[in-house]
Amino acid sequence: MIRSTWKVLIPVVCVWGSISGVPLHADVSQWTHFTIASPLPGEKWGTSGPVLADFDGDGDLDIALSRRSVETAYWYERVTDSRWIQHAMGRSKTLEMCLGAAALDINRDGWLDVAMYQVWFENPGNLKEKPDTPWPAHPYDGFGHDIVAADLNGDGVQDLITNVGVFWFDVAAGLKKYRICEDHDFHGGVAPNGIGDLNGDGLPDLVLPGWWFQNPGKGIGEWKRHEWPHLLIPKASYGTSARTWIADLNGDGQNDIVYSDCDTGGSHVYWVENLGQGVKWERHALPDPPTAEGDVEGTGSFHSLGVADFDLDGDLDIFAGEQEDPDDYMTADGKLAMKPKGLKERGVIWENTGDAKHPVFVPVVIQIDNPGWHDAQLGDVDGDGDIDIVSKVWNADTPVYHADFWRNDRIVKH
């Protein structure tokens with residue numbers, strides 16, 4: 001069903017048991033959906049973020065995002081699960097090109113700032129008392145499909161990484177810019193968590209589709225590239241693009257790569273097992289999510305990816321969500337549509353029904369149809385000890401743009 005209107009801040013309970021006869025090992029199927037904002041400001045496509053962080057220092061997680069059509073960034077103060085208050089952060093012409101975003105303390109004053117496309121917004125530090133205080137906007141020379149934060153040089157300070165070409169900015173050195181690579185044509189690949197030690201030398205490396213880049217030490221110098229077995233999608237809507245996450249899925253002490261195809265129909269999800277310090281790999285395809293009776297077969301663009309222990313059973317599960325997007329463009333250029341015509345987007349958790357050393361992933365659908373998913377973020381939003389999900393829409397398949405919160409209502413089995 002395509003919804004033509006949305007009601008603001010009304011919870012919708014999404015409850016699923018076993019689907020197509022697939023049994024649940026532990027219950028990751030219980031989630032409650034809350035709308036953070038609907039409609040978002042502006043009427044056209046293009047929403048960057050979301051960024052999930054405690055911006056006002058009140059102990060819970062808020063979000064930030066920007067809208068291309070109004071060239072404005074906003075933060076949404078979480079009051080309760082069902083009540084989020086919109087506040088303007090600031091404006092910038094560069095936001096008309098923005099997609100990625102990241103939270104980190106750029107001016108090192110103890111407050112989390114937000115980096116977007118060629119602009120970062122400075123947290124004024126008084127948001128708990130004065131939430132409508134403007135955030136000063138500062139230009140910097142970073143742009144791209146992906147923007148992430150990680151400590152690349154080991155100085156204990158989060159740095160900034162951008163991907164159109166890949167560059168990093170040393171926060172402790174006033175955002176001094178360093179090159180990682182710029183001779184690739186990937187649409188995206190390092191977000192949301194494609195940074196981690198892959199060769200066991202203790203240094204954070206970086207992943208793009210088909211290549212990982214070895215940290216030369218303190219992030220400065222030549223980042224040597226190594227292959228890993230990424231699988232290309234022919235005629236992908238926007239060319240090669242992926243969401244990536246580095247994590248040790250099988251507890252062998254070596255970080256693996258989890259990735260989802262994105263920005264194209266026909267996307268899939270994989271984990272790529274590190275069999276020897278980033279030199280030898282084995283790719284494992286996760287089963288596509290089951291299709292509910294009467295729904296369209298196939299898959300859309302898995303533009304959301306996350307790895308976490310969603311059911312708190314001691315092993316890692318994998319989340320991916322198909323983005324909400326029209327199904328009737330790109331094909332005129334001989335490329336895949338962003339999703340099969342009529343497909344209802346799904347949020348899926350591949351529950352690890354094996355154990356920490358022998359993962360077995362079973363898809364559990366937690367949401368079907370709108371709202372779809374785009375660059376979802378993971379975190380304990382409500383402070384109850386388990387991992388929740390926030391997301392937003394990029395290109396709505398209805399006239400309404402929105403941001404959303406899914407609360408993890410995991411049921412403990414005794």
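The values are calculated or read from the model by the stated rules, or taken from the named source; none is laboratory data. The structure displayed is predicted, hence computed values, not measured ones. Here the Cβ is made from the backbone with ideal geometry for all residues, glycine too, and neighbour counts use every protein chain on show. Calculation scope for accessible area: heavy atoms of the full protein, side chains included, ligands and nucleic acids excluded. Shrake-Rupley method; radii C 1.70, N 1.55, O 1.52, S 1.80 Å.
See the values below:
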item: Under 27 Å from the Cα of LYS335 - lysines, other chains or at least 8 residues apart; result: LYS44, LYS235, LYS344, LYS392
item: Estimated dipole of the range 154-261 in Debye, rounded to 20 [Cβ of Lys and Arg +1, of Asp and Glu -1, Cα centre]; result: 360
item: Most positive-pole-ward Cα, GLY46, THR162, GLY251, against dipole of the chain from beta carbon charges; result: GLY46
item: Heavy-atom surface of the range 26-92, accessible at 1.4 Å and reported per residue (Å²); result: 30
item: Gaussian network model of the chain, Cα within-10 Å springs - most flexible of GLY219, GLY294, GLY202; result: GLY294
item: Two-site FRET efficiency, ARG225 against SER69, from Cβ-Cβ distance with R₀ of 30 Å, rounded to 0.05; result: 0.20
item: Cβ-placed point charges (K, R +1; D, E -1), dipole of the chain about Cα centre in debye, nearest 20; result: 1020
item: The range 301-347, relative contact order in percent, only Cα pairs under 8 angstrom and at least six apart counted; result: 33
item: Carbon and sulfur %, accessible surface of the chain computed with the full protein complex present, 1.4 Å; result: 52
item: Translational diffusion coefficient (Stokes-Einstein; Kirkwood radius from C-alpha pairs) of the chain at 4 °C, 1.567 mPa s, in µm²/s; result: 61
item: Relative contact order computed over the chain (Cα-Cα under 8 Å; 6+ residues apart), in percent; result: 16
item: Cα-based Kirkwood hydrodynamic radius, the range 295-414, one decimal, Å; result: 15.3
item: Surface per residue (accessible, 1.4 Å probe) for the range 142-222, Å²; result: 35
item: Electrostatic dipole magnitude of the range 260-387 [Cβ: Lys, Arg +1; Asp, Glu -1; Cα centre; debye, to 20]; result: 620
